[in-house]
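Structure record follows, encoded as structure tokens.
Since every read-out is calculated from the coordinates, none of them should be taken as a lab result. Here the structure is a predicted model, which is why all the values come from computation and not from measurement. Cβ placement follows ideal geometry from the backbone for every residue including glycine, while neighbour counts extend to all protein chains displayed.
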Amino acid sequence: MKKSFILLGTLFFLVTACVTQKNTATDTEEWQQLFDGKTLNGWNIKIRGHELNDNYNNTFRVIDGNIAVNYDEYDDFKMQYGHLFYKDKFSYYKIATEYRFVGKQAPKGEGWAFRNSGIMIHGQPAESMGLNQDFPISIEVQLLGGFDDGKPRTDCNLCTPGTNVWYEGKFDERHCINSTVQAAPAGEWVRAEVEVFGDSLIRHWVNGKIAMEYTKPSIGGGVVSGFNPKDKPDGQMLSEGTISLQSESHPIEFRKVELLNLKGCMNPAAKNFKSYYVKNDAAACKF
């Protein structure tokens, strides 16, 4: 566990207007369910090469109460990456999903995309995506499933399509940075949580274990194509954005997508930052 106090060099945020209770996070926090368990109401679809909300080949659907990213109608994936966008933007929040990888990869899906998906945060709006844009300009929390041969593979890594971050106190231009938590076998449900504090701190958690953290997300870098240049002002800090779930050629199911909005609990005038979340000592935001 890393230290609760993190010194950042600029104005950050201190949790206020929150009530601390000796209890577990799930007992005290009021989560907003972004997925109703029945429909994709509130979500927008953008698949590379297709217009907004053209659900090509029925890629995104609800099956048995889960969001299913499915490729049974594909003959050739053809790098038709897709993203399922929630309708609202957020800035200070926790996003959590419970997911598992199932089935076989779509025909001609890239090798790197085997049991690979993601939660895209601080992203651009779905309607601003170019027709042939591959990924939203965003921060990606990379969701991975384990290899069948047992080779090591980490989960909830960081990837940066059109973005940059500071990692371990330094500006880091790597596209992907591995976490410290190993990926689960295919078919096993995993809970991924991401704490997002505007343009200051972001943390990834896997099944209650911290996987990685980084700071100062901003627009910049590469590994994104087909975008409108006006949507990529390099150097601009990312303090808010959309949330989307990824389609990268391997079937995946999400049985829960929920969000805890922290915006009302943050004090922008504070001179330093303290994480509001400590295991077994949760702060419940009151709205």
Going by how many other Cβ atoms sit within 10 Å of their own, how do Lys263, Lys46 line up, fewest first?
-> Lys263, Lys46
By a straight-distance test (C-alpha under 19 Å), which aspartates and glutamates pair with Lys78 as possible cross-link partners, with residues fewer than eight away in the same chain excluded?
-> Glu51, Asp54, Glu110, Asp134, Glu248
Cβ-based exposure ranking for Arg191, Arg153, in which fewest neighbours within 10 Å come first = Arg191, Arg153
Straight-line reach check, Lys170, cutoff 18 Å on alpha carbons, 8 or more apart in-chain or any other chain, hits among aspartates and glutamates -> Asp199, Glu213, Asp234
Quick one: order Leu201, Leu158 by neighbouring beta-carbon count within 10 Å, fewest to most.
-> Leu201, Leu158
Pairs Lys108/Lys209; Lys151/Lys216; Lys230/Lys263; Lys94/Lys256: which are spaced more than 23 Å apart, C-alpha to C-alpha?
-> Lys108/Lys209; Lys151/Lys216; Lys230/Lys263
